[in-house]
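Bear in mind that the values in this text are calculations on the coordinates, not laboratory data. These figures come from a predicted structure and were not determined experimentally. Note: ideal-geometry Cβ built from the backbone for every residue, glycine included; neighbour counts use all protein chains shown.
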Amino acid sequence: MIPAPFAYARPTTVDEALQAIADGGEDVKVLAGGQSLIPVMRLRLAAPETVVDLGKVEGLRGVRDDGDAIVIGAMTTHSDVLADPLIAEHAPLIAEATGTVADRQVRHRGTFGGALVHADPAGDLPAVALALDAEFVIVGPGGRRTVPASEFFLDYLTTAVGEGELLVEVRVPKLAGSWGMHYEKFNRVAQAWSIVAVAAVVRRENGRITEARVGLTNMGPTPLRARQVEEALAGAEATAEAVAAASERAADGTEPSSDLNAQADYRQHLARVLTRRAVSTAAGL
Amino acid sequence: MTAVEERTGTPGPDKEIGKARRRKEDARLITGRTTWTDNMVLPGMLHLAVVRSPVAHARITNVDVTAAREAPGVVAVFTGRDLADEQGSLPCAWPVTPDMVNPGHPSIAVDQVNHVGEAVAVIVARSKAAAQDAVELADIDYEPLPVVLDMEQAVAEGADLVHDHLESNTSYHFVFDAGETGTGGDTEQAFSGADVVVSRRFVQQRLIPAFMEPRSAVVQPQGDNYTLWSSTQIPHILRVMAAMVTGIPEHKLRVIAPDVGGGFGGKLQVNPEEILCLLIARRLGKPVKWTETRSESLMTAHHGRDQIQYVDVAADREGNILGLRVRLLADMGAYLRLITPGVPALGAFMYPGIYKFPAYRFECDGVFTNKVPTDAYRGAGRPEATFAIERIMDELAVELGMDPLELRRKNWIDAAEFPFTTVAGLAYDSGDYETATQQALELLGYDELREEQRRRRESNDPVQLGIGISTFTEMCGLAPSRVLGSLAFGAGGWESASIRMLPTGKVEVVTGSTPHGQGHETAWSQLVADSLGVPFEDVEVLHGDTAISSRGLDTYGSRSLVVGGSAVVKAADKVIAKARRIAAHLLEASEDDLEFSGGKFSVRGTPGTGLGIQEIALAIFAAHDYPEGIEPSIDAEATFDPENFSFPHGTHLCAMEVDTETGFVKIRKYASVDDVGTIVNPLIVEGQVHGGLAQGIAQALYEEAIYDDDGNLTTGTFVDYLVPAASDLPHFDTGNTVHAAPGNPIGAKGVGEAGCIASTPAVVNAALDAVRHLGVQDIRMPLTPERVWRAIHQGGDGGDRAPARSNAQAVDSSDAPSTSGGAL
Ligand SMILES: Cc1cc2nc3c(=O)[nH]c(=O)nc-3n(C[C@H](O)[C@H](O)[C@H](O)COP(=O)(O)OP(=O)(O)OC[C@H]3O[C@@H](n4cnc5c(N)ncnc54)[C@H](O)[C@@H]3O)c2cc1C
């Protein structure tokens, strides 16, 4: 478990980082918390020519209030997220999901941005970002652009962050009105990734669900929105029966993988059960 | 933990035995400020990396290591061919039958590889990184052979062969028949007359010992002498075996196990890499080091369990058991390692458990497959046996419509019947199953939980509750040498200790039981402090170096305190006897008038006189004044060979919640009452029970080594080989009963394996008890949520798991750079 040799750069600004990536040769990897990158390098499943460490880059770590949104720097660690008052106030779902990530040691190093760019289908934060309609701010040699969550996760371990680009921050819109949120994670041991998980964000008014957003973790190569469930819930009565009926559609159209933890049919079953639980809790039922 | 806190309050007056002392070795072990083998740095030391087979079964058609040889920092590359003439065969010390077939076990493959991960070349380089980089440059061609993985297929007519020069995949057929041995009646007859026969097939999945410190070996040649440091459980056995394999004379080979970070049986082995280090150091005349990566460890260190058990039990309608029949297929893997064949054979004697079976027959086939060899893993044979008997007793209870506890009670050995010779011929020493069971029922809150179970059933709660029972015993204190001889084991089971009294009164205890994390230093210090009446702090325990502790048989099979600790006590007795003569001389009294207590000799009836044993140590060091005709030393040595095993027992109860919607199982409460004989240190006992429970529960719920159809280990990292952490385990309510073992001076029975042996069936029985009313009869271990869900909703035992890795933390393996040689 010794990585292949690589060159190492430690820039201090975003511009320097972009330059280091440009200069780094054929295969350049950006290092955030290293909790996903270092293991694959040690297994020699990745052998980058250059590693550009973002650890000393200024301005990428922390959360700020930006009026109608909160902005989370890509290098904000999982443990920073858990302690942050803005996240607790406006997007507690992120903290809830982050609390289920790995163990203390990993959360101390792993970053919000790293987890999203890595886009592991079993990772917990992509489905959350999707359910919260987050926006991703990407910089590259061509400048700065913002990509909505619905266009960010492209495929297995693949996002809209292109070669030579960096994710710098994630904007999470503040939600107006009475919203409830819940992340329902299913795994075998506490420090493990999700076998399946469901992020539910539900707006409730006068005994009705006015809007629901449901993100699915590990039900395909990318995180998914359970659109059929969302449609069935929009305007439905906030009752256990209505939620249960809508949740039956959680796996519609999904093609999850089969692995040691679950075969596809069981994953689809879990998606239905966990959606019912997640939405029920989010709706305060 | 509560039990410990209560106990700490009430130790005997100033007695060390029974004190919940914190372990004196822990500060250095936990902070790492000690010598682990991989910390060794010697001048000029070279580093080895092993090129390993990426295929499970193939002929090696070409080995090209030219590029590897030319890589930066590489000093030499050795192939199997290079070492073929001097490598011999790794030893198998347990030929369980006279006609057992042993294909031989090369340390490095020469013409054929028989499991993924087998060594095919070794890179020697100036740094570990340079060695590892060159691994990828070794170019080896393989001509694939059919891969044999499934035991039931492997023993079928016309099966593909693992070793094509052998006639079949069966290594041996071992039989124990109580009728033939004269310890029981005729089994066939018992079954033919029975009202009820219950038959089950249980699968003991393959497990990986997963010790914390990876294996590591360092060899330093000095002239024609060699020192081998190894992260091993068995420096003494390793020395003898390595001498025989390499031809290095035994007296020219010193083996040192410095502090060792766990083993669980996984380091009870003569490893290929230890031999390769010796051979290469001899070739090059330079010190070498090999330290495995975690991936190598999971893939190539020996595995455990992996048996298919066919179990039949016969009884009458009233629930009186009449006979037990066990047939095993035991997966040896590709080769026989140190005690590979003996593990299931050792288990043979434990299948009758705590019950009075009148008839018993056991048969086992050792089967070769293209997997890494199996060998000792915490419990070694006994967890498998305990699982089978405790599971089948529950099945029988269901069949008879009896309460599972009632059925056990009706058939277990009563307290008044000890010592009791079982149908397997073992003489159980002492115990009281009823008392332990009563205490466990109270700890669990059995009646309330049964009531809750009823309520949940009636209301059709999605979360059902079950209670599982395991009333177990095990044979410990391995082992009486004569018994081992009768079982064809290659060594004895005695243990040795010596005590050196230093001039300042401090005491050095040399033990042959080499610890690898158990706390021997603390427990032995407590024993000696009581025996010699010296302060606990004045005792130092030395171990693990064959030049310091020249005789020993090391640590496994819950033997250390029972056998090794007893040797220490015997040595202390000899020290006192020798000191008595000197004390008599110095006090000018007759030996008969001296009494020894609290570390002091005093003349009976003469208060105020007295001489401490630590003072005597100084006096005899000076040796100015001592009796004629004796040597000027009070040091002593003792070897203890028990006459019988010891038999810890206990009752473990598990209450389990099963979410019938998802199949998720959660232990609600766990209570265990163990009788491990005299307790020297309650904190260590508690720690051993906790760790054992964690591993036994892990077999039931989490761990399983899975190979894909090509023989690749799918569970090759801790992402997929699931070892539970403290956060995944419940609070343990533990208790003890104490029936001293009559067979050793301490009265200890052994505690290292108890939790691991007892817990697995309690957990599985609990899950089944929760969902039996839904039609579930069995669920295969580990009880993954998917299996539980399938068993409930689709019937069967939950079936096979899909053999693909989970995608978490993965990069598609097609992304991998060329890893021909595959050393991850
Ligand atoms: C034992 C263990 C258990 C875990 N369990 C979970 C779990 O339960 N749930 C879960 O969600 N995750 C889990 N993780 C993963 C954890 O969340 C990681 O922290 C995360 O996946 C990656 O974050 P990182 O900061 O470590 O990124 P790194 O490993 O440093 O990088 C990951 C990838 O993203 C790229 N990258 C990182 N930052 C940027 C950026 N700003 N711009 C462009 N590219 C970037 C890197 O080049 C790399 O390809 C676990 C990890 C471990 C080791």
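Principal semi-axes of the equivalent ellipsoid, √(5λ) from the alpha carbon gyration tensor of the protein assembly as shown, are 51, 38, 32 Å from largest down. Loop-located GluC sites (Glu not before Pro) across region A:42-146 with a Cβ neighbour count of 12 or fewer within 10 Å are A:E58, with loop assigned by DSSP.
Chain B: longest stretch without exposed trypsin sites (Lys or Arg not before Pro) (DSSP loop, at most 15 other Cβ within 10 Å), sites themselves excluded? The reported range is B:318-603.
Taking 10 °C and 1.306 mPa s as conditions, region B:43-412 diffuses translationally at an estimated 72 µm²/s according to Stokes-Einstein applied to its Kirkwood radius (Cα pairs).
For region B:498-578, what class follows from the C-alpha gyration tensor (a ≥ b ≥ c being the square roots of its eigenvalues): rounded when a/c is under 1.5, otherwise prolate if a/b is larger than b/c, else oblate? The shape class here is prolate. Note on region B:270-343: Cα-Cα pairs beyond 21 Å make up 56% of the total pair count. The Cα atoms of region B:402-499 define a convex hull whose projected area, averaged across directions, is 11.2 nm². With a 10 Å cut-off around each Cβ of A:183-195, the average count of Cβ atoms from other chains is 5. Measuring spread by the Cα atoms of region B:615-683 yields a radius of gyration and Dmax of 27.2, 84 Å. Note on region A:201-240: Cα Rg divided by 2.2 N^0.38 Å, N the number of residues, gives 1.28. Computed over chain A, relative contact order equals 15 percent, with contacts defined as Cα pairs under 8 Å that lie 6+ residues apart.
Under 5 Å from the amide H of B:Y355 lies no amide H of any residue 5 or more positions distant or on a separate chain, with H modelled from the backbone and absent for Pro and chain starts. Debye-formula intensities of region B:314-367, expressed as log10 I(q)/I(0) at q = 0.18, 0.31 Å⁻¹, are -0.65, -1.21 (one equal scatterer per alpha-carbon, no solvent).
Each listed q (0.06, 0.07, 0.10 Å⁻¹) maps to a log10 I(q)/I(0) for chain B, found by the Debye formula over equal Cα scatterers with no solvent: -0.40, -0.55, -1.09. Mean projection of the Cα convex hull over all viewing directions, computed for region A:179-282: 6.0 nm².
Convex hull volume per residue, computed on the Cα atoms of region B:274-403, equals 129 Å³.
Between B:V148 and B:N370, the built amide H atoms are under 5 Å apart, and every one of these is 5 or more places off in sequence or on another chain. Under a model in which nothing but the beta-carbon of Lys, Arg (+1) and Asp, Glu (-1) is charged, region B:56-109 shows a dipole of about 120 debye around its Cα centre. Annotation for region B:168-202: chymotrypsin sites (Phe, Trp or Tyr not before Pro) lying in DSSP loop with at most 11 further Cβ atoms inside 10 Å of their Cβ do not exist. Pick out the long, greasy-scoring helices in chain B: whole DSSP H runs spanning 24 Å or more along their own axis by Cα, mean Kyte-Doolittle at least 0.0. Those that pass (Cα extent of 24 Å or more, hydropathy at least 0.0) are B:382-400, B:566-587, B:682-701, B:754-771.
When all alpha carbon pairs of region A:63-173 are counted in 5 Å bins from zero, the resulting P(r) reads 2, 13, 25, 27, 19, 10, 3, 0 %. When B:M332, B:M241 are arranged by Cβ crowding within 10 Å, least crowded first, meaning fewest neighbours, the order is B:M241, B:M332. In terms of overall dimensions, region B:494-640 has a Cα radius of gyration and Dmax of 15.6, 48 angstrom. Across region A:150-156, rounded Karplus estimates of 3J(HN,Hα) from the backbone phi angles (6.51 cos²θ - 1.76 cosθ + 1.60, θ = phi - 60°) give 5, 10, 7, 8, 9, 6, 3 Hz, Gly and Pro being marked x. Evaluated with a Cβ-only charge set (Lys, Arg +1; Asp, Glu -1), region B:494-640 carries a dipole of roughly 240 debye about its Cα centre, given to the nearest 20. Shape index of chain A: Rg/Rh, with Rg the Cα radius of gyration and Rh the Kirkwood radius from the inverse mean 1/r over Cα pairs, equals 0.98. The phi-based Karplus calculation (6.51 cos²θ - 1.76 cosθ + 1.60; θ = phi - 60°) puts the 3J(HN,Hα) values of region A:38-46 at 4, x, 6, 5, 5, 6, 6, 8, 10 Hz, whole numbers, x for Gly and Pro. The Rg/Rh ratio of region B:735-810, with Rg taken over Cα atoms and Rh as the Kirkwood radius over Cα pairs, comes to 1.22.
So what does the Cα-only Debye profile of region B:693-764 read at q = 0.16, 0.21 Å⁻¹, as log10 I(q)/I(0), no solvent term? Debye intensities relative to I(0), on a log10 scale: -0.73, -0.96. Tell me which of B:L46, B:A766, B:V96 sits at the most positive position along the dipole axis of chain B, charges placed on C-beta atoms (Lys, Arg +1; Asp, Glu -1). Final value for the positive-end residue is B:L46. Converting phi to 3J(HN,Hα) with the Karplus coefficients 6.51, -1.76 and 1.60 and the offset θ = phi - 60°, region B:108-125 yields 9, 5, 9, 10, 9, 10, 10, 7, 4, x, 5, 5, 10, 7, 10, 9, 10, 9 Hz in sequence order, with x at every glycine or proline. Here the relative contact order of region B:383-430, from alpha carbon pairs under 8 Å that lie six or more residues apart, stands at 19 percent.
Divided by 2.2 N^0.38 Å, where N counts the residues, the Cα radius of gyration of region B:195-351 comes to 1.39. Along each principal axis, taking the top coordinate minus the bottom one, the Cα set of region A:7-56 gives 30, 22, 11 Å in descending order.
As a length-normalised measure over Cα pairs under 8 Å and 6 or more apart, the relative contact order of chain B settles at 16 percent. With the charge dipole of chain A set up from +1 on Lys and Arg Cβ and -1 on Asp and Glu Cβ about the Cα centre, the Cα lying farthest toward the positive end among the listed residues A:L224, A:F152, A:S247 is that of A:S247. Relative to the compact-globule estimate of 2.2 N^0.38 Å, the Cα radius of gyration of region B:68-186 comes out at 1.51.
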